[in-house]
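Trainee: Sharing a structure below in structure tokens format, with a few things to ask.
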Amino acid sequence: MAKESFTVTPWEVKGDIDYDKLIKKFGVQRISNKELEMLDRLAPLHLFLRRGMFFAHRDLNVVLKEHEKGKKVVLYTGRGPSGHTHLGHIVPWIFTRWLQKAFKAKLYFQMTDDEKFLVKDLALNKTKNYAKENALDLIALGFEPKDTKIIYDTEHIDELYPFALKIAKRTTFSIAKAVFGFNNSTNIGLSFFPALQAAVAFYAQEREGGKDVQCLIPCAIDQDPYWRIARDAAPYLGYPKTATILSKFLPGLSGPAGKMSATDEANAIYTTDLPEVARKKIMKAFTGGQATVEEQRKKGGNPDLCTVCQWLYLLFEDDDKVMQQRLEDYRAGKILDGENKKYLADKVVAFLEEHQKKREKARDVLDKFSLTS
Ligand code: TYM
């Protein structure tokens with residue numbers, strides 16, 4: 001069989017991702033019109049659903065049907081802190097806030113301050129510190145302490161451990177190897193870790209009323225391997241299978257392949273970037289334009305290759321008519337790259353200025369969001 005030209009694992013995303021292939025490879029479902037209609041009945045569809053950013057799922061149909069019959073839903077998502085938050089990370093969080101309102105659901109948010117310590121060359125006090133910094137970004141997106149609990153693995157391990165143990169007992173090393181690609185040089189901390197990330201799904205269900213509550217996880221598709229472990233263990237623990245709603249990746253600024261990576265500073269925009277630094281990064285972004293202005297006016301640009309168009313389409317231009325027109329004009333050579341970049345940069349700068357104010361205010365309420373507050 002030909003080798004895939006892309007890689008998607010919880011710790012590595014690279015190459016030109018073929019999402020159709022990925023759906024088949026992971027065995028997830030594409031979100032259908034039926035699910036979109038059901039979601040639309042709960043709240044007007046979010047941009048991420050209208051534009052296909054959230055595109056796949058496991059058992060979303062089950063959650064929606066059960067919810068229509070009156071079953072309670074609990075949401076679960078998270079972050080593996082290894083640095084400051086970038087704009088890709090907040091994609092699932094923005095969507096989670098929308099889901100939270102739509103389902104009137106509580107959110108459990110896991111900060112795996114152990115995970116990146118195990119995976120990367122990072123000190124534990126660094127990952128713990130980033131966990132608190134990243135939490136400010138979550139709070140700045142509008143979550144309320146009364147319906148949002150943040151779990152810090154290293155602080156709240158006693159709450160998760162009984163659930164993690166039960167999952168770990170049901171997960172053989174050969175399954176973990178097949179799902180995560182573990183090998184003989186994988187440290188034993190990491191080989192246990194998936195049980196801890198899966199544990200929160202059941203923990204959240206238990207806290208919100210027990211075995212009847214449905215857990216729905218919004219995240220990008222790189223996290224899917226964890227949910228295979230959770231879903232395999234669910235019947236043994238007596239819970240409904242963990243459901244997910246999965247997004248594509250916001251591409252980095254240097255090209256549409258792969259995802260925005262936290263390890264490539266110029267490729268990513270962080271929520272902590274000074275607005276003018278962010279503007280400069282955007283002005284250097286990879287576009288779908290031609291070599292010269294004359295050529296672009298004549299031949300037009302290719303929005304599919306253009307990270308600036310992609311960022312507008314996937315995140316920053318909410319108005320469908322305006323977006324459609326901009327794409328047409330870009331293709332027709334009526335919009336040049338310089339002005340397109342400026343259009344995006346203005347939006348990103350406005351977002352950052354607002355977000356950074358809210359982020360600073362969030363410091364005062366950070367403790368209220370902690371699981372044990
Ligand atoms: P982490 O910190 O790698 O990523 C946090 C969340 O952001 C998503 N993500 C992206 N989404 C869109 N575009 C991108 N470029 C992009 N890059 C990352 C990830 O899918 C994730 O949803 N192990 C997890 C932490 C975790 C978690 C969870 C995540 C613990 N429990 C439950 C989701 C759901 C991690 O390291 O995420």
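The values are calculated or read from the model by the stated rules, or taken from the named source; none is laboratory data. Please read these numbers as outputs of a predicted model, since none were measured by experiment. Cβ sites come from the backbone with ideal geometry, for glycine too, and all protein chains shown count toward neighbours. What goes into the accessible areas is simple: the full protein's heavy atoms, side chains included, and nothing from ligands, DNA or RNA. Shrake-Rupley method; radii C 1.70, N 1.55, O 1.52, S 1.80 Å.
Trainee: Working from Cα positions, state the angle (0 to 90°, nearest 10) between the long axis of helix 188-207 and the longest principal axis of the chain.
Mentor: Result, in degrees: 80.
Trainee: Per the 1.4 Å probe, what fraction of the accessible area of the range 265-361, in percent, lies on carbon and sulfur atoms?
Mentor: Taking all protein chains in place, the range 265-361 shows 54 percent carbon and sulfur surface.
Trainee: To the nearest 10 square angstrom, what accessible area does residue 11 show with a 1.4 Å probe?
Mentor: Probe radius 1.4 Å; accessible area of residue 11 about 70 Å².
Trainee: Starting from 0.36 nm per residue, how many nanometres of slack lie between residue 365 and residue 173 once their C-alpha separation is accounted for?
Mentor: Working: separation 192, 0.36 × 192 = 69.12 nm, distance 4.09 nm.
Once the chain is fully extended between residue 365 and residue 173, it gains 65.0 nm.
Trainee: Now, a different point. Counting only protein heavy atoms, what percent of the accessible surface of the range 46-172 is carbon or sulfur at a 1.4 Å probe?
Mentor: Here it works out to 51 percent.
Trainee: Related question: With unit charges on the beta carbons (Lys and Arg positive, Asp and Glu negative) and the dipole taken about the Cα centre of the chain, which residue among 96, 333, 296 sits farthest to the positive side?
Mentor: Positive-most Cα among the choices belongs to 96.
Trainee: Please work out how much accessible surface residue 18 shows to a 1.4 Å probe, ignoring ligands, DNA and RNA, in Å² rounded to 10.
Mentor: 60
Trainee: Grab the DSSP H runs of the chain that are 4 residues or longer, score each as -39,500 (n - 2.57), total them, divide by all residues and round the 222 nm result to the nearest 500 deg cm²/dmol.
Mentor: -15500 deg cm²/dmol
Trainee: At 4 °C and a viscosity of 1.567 mPa s, what translational diffusion coefficient does Stokes-Einstein give for the range 265-361, taking Rh as the Kirkwood radius over Cα pairs? Give it in µm²/s as a whole number.
Mentor: Answer, rounded: 93 µm²/s.
Trainee: Here's another thing I want to ask about it. In terms of solvent-accessible area of protein heavy atoms at a 1.4 angstrom probe, what is the ranking of 292, 171, highest value first?
Mentor: 292, 171
Trainee: Near residue 23, within a Cβ-to-Cβ distance under 13 Å, what is the net charge of the other residues, with Lys and Arg +1 and Asp and Glu -1?
Mentor: Taking every Cβ under 13 Å from that of residue 23, the sum is +3.
Trainee: Computed over the Cα atoms, what is the radius of gyration of the range 6-248 divided by 2.2 N^0.38 Å, N being its residue count?
Mentor: Taking the Cα Rg and dividing by 2.2 N^0.38 Å, one obtains 0.95.
Trainee: Rolling a 1.4 angstrom probe over the protein chains, ignoring ligands and nucleic acids, what is the accessible area of residue 19 in square angstrom, nearest 10?
Mentor: 40
Trainee: So what are the range 95-195's ellipsoid semi-axes, whole angstrom, largest first, if each one is the square root of 5 times an eigenvalue of the alpha-carbon gyration tensor?
Mentor: 28, 18, 12
Trainee: Assuming a viscosity of 1.567 mPa s and a temperature of 4 °C, what translational diffusion coefficient in µm² per second does Stokes-Einstein assign to the range 186-226, Rh being the Kirkwood radius over Cα pairs? List each step's numbers first, then the result.
Mentor: On the way: Rh = 11.6 Å.
Once the numbers are plugged in, D ends up at 112 µm²/s.
Trainee: Here is a further query. Could you state the angle between the C-alpha long axis of helix 224-237 and the longest principal axis of the C-alpha atoms of the chain, as a value from 0 to 90 degrees rounded to the nearest 10?
Mentor: Helix 224-237 sits at roughly 20 degrees to that axis.
Trainee: Whole number in Å², please: accessible area per residue of the range 265-361, 1.4 Å probe, ligands, DNA and RNA not counted.
Mentor: Here the per-residue accessible area is 53 Å².
Trainee: Okay, moving on. Accessible area per residue of the range 1-132 at 1.4 Å probe, in Å²?
Mentor: Normalised by residue count, the accessible surface of the range 1-132 is 46 Å².
Trainee: Right, another one. If I measure Cβ to Cβ between cysteines in the chain, which ones have no partner under 4.7 Å?
Mentor: 215, 219
Trainee: Length gain on complete extension for the stretch residue 16 to residue 129, per 0.36 nm per residue less the alpha carbon to alpha carbon distance?
Mentor: 37.4 nm
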